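Participant: Structure below; questions to follow.
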């Protein structure tokens, strides 16, 4: 199946189409914006350079201090290794931020035992790994952070990141969901990420809770492009009431009970003075492959919403086609929303592109990402309850290098470093 989907496509052509989705392509000194929502953000462009020089959870030279700083800023890394947040997640509350994980020496930056919350506008995060895990907490104990999440944020791009082992969602967009689209997250792009192994029977207070991405009520213009969703039970991704967005050229492998979801539970709206409306999304060029944990006959899209469908592939473990939709899906004749400049790959080219290019530092992957990609190719792997099921938290010796930052050609420099990894 993998080989059949990939025949006849030259990877340089693929890269030429998709490189820069949600990010800077490096075409020209200032880069070129291609596709996605919110990708026109300047992030921290023109701001001061903040150097992360150690792997401590907090204090001078730490990632937390850099992300907490005010004013336009570009965060670069003179260190590589594992940052243990010690169960104290980081919140980004100041706007105009670029986090350039591609500047770290090999093997890059991995955050564990905590996540990153974005509560600001004009934020770009690239080439970071976030591996939350259960932090040794007991089942149903209430330790339940996201990996990376936005709350009432806008103009945000999370590109080429690897997010796994979250206890709530691996990657989400949310906010005050009953207060309308201008109060919650909007104009967001999640692109070229590995979103994998949301912990199932773990420390979430509700019990079993393996989730990929939640796009909460009223979040609008959310682009989910070129990602690998692997070994998450549901929400691969999930768009709720009043949401709009696109789901384009993603690979969804071994979903448990649901792949792409559109729905809104009536019980959540009974006390609200508004009638909820269906999600309205465009689903184009995606590939779903059943795995060991996938419910038999699972469709690509379910179960109540308005969806434009074009050129998607959905198969069982033997490569036989399965349904594209189930439930009360209203098929739209035209795309309800679509980002300017986005050109979708044909679905039969998506699998190989994502396998080669998704996640943080795809040419310098850590052992976790290598394993997940290997499982995709070999149709192996399972939904897990703890990071200990797959070898535990990563460890590595710190590596350091001094950076010479060219302030007058910053965009081109960052684009070149990213291209070398992608």
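Participant: Tell me yes or no: at least one residue of the stretch 299-313 is closer than 30 Å to residue 48 by Cβ, modelled with pLDDT of 95 or more and loosely packed, with under 14 Cβ neighbours inside 10 Å. Before you say what the answer is, go through the steps one by one.
Facilitator: Step one: list which residues in the stretch 299-313 are closer than 30 Å to residue 48 by Cβ, which gives none.
Within the stretch 299-313, none of the residues are closer than 30 Å to residue 48 by Cβ, modelled with pLDDT of 95 or more and loosely packed, with under 14 Cβ neighbours inside 10 Å.
Participant: Also, I was wondering about something else. So residue 418 fits all but one of (1) free of Cβ contacts under 8 Å to residues at least 60 places away in the same chain; (2) more than 23 Å from residue 244 (Cα to Cα); (3) surrounded by 14 or more Cβ atoms within 10 Å (Cβ to Cβ); (4) in contact with a strand residue (DSSP E or B) (Cβ under 8 Å, 6 or more places away or on another chain); what number is the exception?
Facilitator: Checking residue 418 against (1) free of Cβ contacts under 8 Å to residues at least 60 places away in the same chain; (2) more than 23 Å from residue 244 (Cα to Cα); (3) surrounded by 14 or more Cβ atoms within 10 Å (Cβ to Cβ); (4) in contact with a strand residue (DSSP E or B) (Cβ under 8 Å, 6 or more places away or on another chain), the one that fails is (1).
Participant: Let me ask something additional. Can you go through 91, 151 and tell me which one is within 29 Å of residue 255 (Cβ to Cβ), touching a strand residue (DSSP E or B) at 6+ places or on another chain (Cβ under 6 Å) and modelled with pLDDT of 95 or more?
Facilitator: The match here is 151.
Participant: Could you check residue 296 against (1) within 20 Å of residue 230 (Cβ to Cβ); (2) surrounded by 14 or more Cβ atoms within 10 Å (Cβ to Cβ); (3) free of Cβ contacts under 8 Å to residues at least 40 places away in the same chain and say which number it fails?
Facilitator: (2)
Participant: Here is a follow-up. Would you tally the residues in the stretch 319-374 being more than 30 Å from residue 99 (Cβ to Cβ), outside any helix (DSSP H, G or I) and touching a residue at least 24 places away in the same chain (Cβ under 8 Å)?
Facilitator: Here the count works out to 17.
Participant: Given the conditions (1) in a strand (DSSP E or B); (2) surrounded by fewer than 20 Cβ atoms within 10 Å (Cβ to Cβ), which single one is not true for residue 138?
Facilitator: So the condition that residue 138 fails would be (1).
Participant: Also: Taking the stretch 42-76 on its own, how many of its residues are under 21 Å from the mean Cα position of the chain (by Cα), touching a residue at least 40 places away in the same chain (Cβ under 8 Å) and either in a strand (DSSP E or B) or more than 22 Å from residue 129 (Cβ to Cβ) (or both)?
Facilitator: Residues of the stretch 42-76 under 21 Å from the mean Cα position of the chain (by Cα): 42-44, 63-64, 67, 74-76.
Applying the additional criterion that residues be touching a residue at least 40 places away in the same chain (Cβ under 8 Å) yields 42-44, 63, 67, 74, 76.
Restricting the remaining residues to those that are either in a strand (DSSP E or B) or more than 22 Å from residue 129 (Cβ to Cβ) (or both) gives 42, 74, 76.
Residues flagged as under 21 Å from the mean Cα position of the chain (by Cα), touching a residue at least 40 places away in the same chain (Cβ under 8 Å) and either in a strand (DSSP E or B) or more than 22 Å from residue 129 (Cβ to Cβ) (or both) within the stretch 42-76 amount to 3.
Participant: Could you tell me whether any residue of the stretch 166-182 is touching a helix residue (DSSP H, G or I) at 6+ places or on another chain (Cβ under 8 Å), buried (at least 24 other Cβ atoms within 10 Å of the Cβ) and touching a residue at least 40 places away in the same chain (Cβ under 8 Å)?
Facilitator: Let us first name the residues in the stretch 166-182 that are touching a helix residue (DSSP H, G or I) at 6+ places or on another chain (Cβ under 8 Å), namely none.
The answer is no; no qualifying residue exists.
The values are calculated or read from the model by the stated rules, or taken from the named source; none is laboratory data. Computed from a predicted model, the values in this text were never measured in an experiment. FYI the Cβ positions are ideal-geometry reconstructions off the backbone, even for glycines, and counts take in every protein chain you see.
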